[in-house]
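Shown next, in structure tokens, is the structure this report addresses.
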Amino acid sequence: WRTIDFISDIHLAPSLPRTAAAWREHLLHTRADAVFMLGDLFEAWVGDDMRSRPFEAECAEVLAEAASCRSLAFMAGNRDFLVGARLLRETGVMGLADPTVLDAWGRRVLLTHGDALCLDDRDYLAFRATVRDEAWQREFLARPLDERLLIAADIRRRSEARQDDAARYADVDTAAAVAWMHAVGTAELVHGHTHRPGSETLAPGYRRHVLTDWDLDDPRAPRAEVLRLTRDGFQRVPPATADGA
Ligand code: OKV
Ligand code: MN
């Protein structure tokens, strides 16, 4: 691999068609050899049988088509933790554990979605522990698809009633992030989740690169960006388009 793209928090949903189109164009036309999707690719994935719906079927087709010309990797986020082995197998996407250490040109990079490092978000971490439990997932996935969609929508409705979007995300805990990096011997961290893009030094010798969320359907703040890694280091680039821009 000469070039690796990192994206996260695309939040694919039928209600955000420009965002979905930009994601599709990027996967199909980027010059990167590999695209790493670091969580919250989908706004809400409640089981691989979501492919019975037209929008999700189309997303799976995009993944399969893109995976036939470059390597695709997927890590689960807090909205698509139910992406299963079946979707990955049938689309040819490589599943990544959270966290994963990437070794690229002798440079070790720690990859995570980021939610597990937001230690101030106690309510969310309790929810995370519940829904990441294997037995909980087996029981949940045994319910009919319509019922699972209603449960997810209900959780969203109650969460939106409680707080607005900006107050929703705690930031990554600096000490915890540095401890993770120290434990596996990496000087660089890439994560999403917080929707606070930027690159900064956490402590001497420890840098992090935060991915932006994508929303090209927000008329007030349309946004989409790719973090690209080559032998020369990290850079931020706009998503690729069909005409090669
Ligand atoms: C998103 C966050 C609410 C943080 C639920 C399966 C389940 C997806 C879901 C429900 C919640 C996303 C999709 C939302 C992010 C919050 C509160 C804090 C820190 C299921 C798949 F449970 F039914 F299986 N969800 N929503 N937060 O309301 O948009 O990220 S959400
Ligand atoms: Mn997230």
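Every read-out reported here was derived from the displayed coordinates using simple, explicitly stated rules and does not represent laboratory data. Small disclaimer: the values here were computed from a predicted structure and weren't measured. When we count neighbours, we look across all protein chains shown, and the Cβ atoms used for this are built from the backbone with ideal geometry, even at glycine.
Amide H to amide H distances under 5 Å link residue 218 with 223, where only residues 5 or more positions off or on other chains count and H is placed in the peptide plane.
Sorting 102-111, 150-159 by average packing, meaning the other beta carbons within 10 Å per residue, from highest down gives 102-111, 150-159. Modelled spin-label separation between residue 18 and residue 49, with each label point placed 7 Å from Cα along the Cα-to-Cβ direction: 3.6 nm.
Of the beta bridges in region 1-108, as assigned by DSSP with both residues counted there, near 15 percent are antiparallel.
Which value, in debye to the nearest 20, gives the size of the charge dipole of region 119-245 about its Cα centre, when Lys and Arg are +1 and Asp and Glu are -1 at the Cβ?
Here the size comes out at about 180 debye.
Were the residues from residue 162 through residue 28 laid out at 0.36 nm apart, the gain over their Cα-Cα distance would be 44.4 nm. Between amide H atoms placed 1.01 Å from N, distances below 5 Å from residue 187 occur with 108, all of them 5 or more places distant or on a separate chain. 3J(HN,Hα) couplings calculated from phi for region 34-49 with the Karplus curve 6.51 cos²θ - 1.76 cosθ + 1.60 (θ = phi - 60°) are, in sequence order, 8, 10, 9, 9, 9, x, 6, 4, 9, 4, 6, 10, 10, x, 5, 6 Hz; Gly and Pro show x.
To the nearest 500 deg cm²/dmol, what mean residue ellipticity at 222 nm is calculated for the chain from DSSP H runs of n ≥ 4 alone, each contributing -39,500 (n - 2.57), summed and divided by the residues? Numbers along the way, then the final one.
Numbers: 8 runs with 85 residues, N = 245.
After summing the helix terms and dividing by residue count, I get -10500 deg cm²/dmol.
Highest mobility in the GNM of the chain, judged by mean-square fluctuation with C-alpha springs under 10 Å and restricted to 140, 127, 55, is found for 127.
How high is the relative contact order of the chain, in percent, counting Cα pairs under 8 Å that sit 6 or more residues apart?
Values: 454 pairs, mean separation 62.2, N = 245.
This gives 25 percent for the chain.
So if we plug the beta-carbon distance of residue 3 and residue 150 into 1/(1 + (r/R0)^6) with R0 = 41 Å, what FRET efficiency do we get, rounded to 0.05?
Rounded to the nearest 0.05, the efficiency is 0.45.
In this structure, the amide hydrogen of residue 195, modeled 1.01 Å from its nitrogen in the peptide plane, lies closer than 5 angstrom to those of 213, counting only residues at least 5 positions away or on a different chain. Relative contact order, whole percent, for region 45-157 stands at 25, derived from Cα pairs under 8 Å and 6 or more residues apart.
Please figure out what share of the DSSP beta bridges in region 119-245 is antiparallel and state it in percent, rounded to the nearest 5. Don't skip to the answer; put the middle values down first.
Details: 11 of 15 bridges.
Roughly 75 percent of the beta bridges in region 119-245 run antiparallel, per DSSP.
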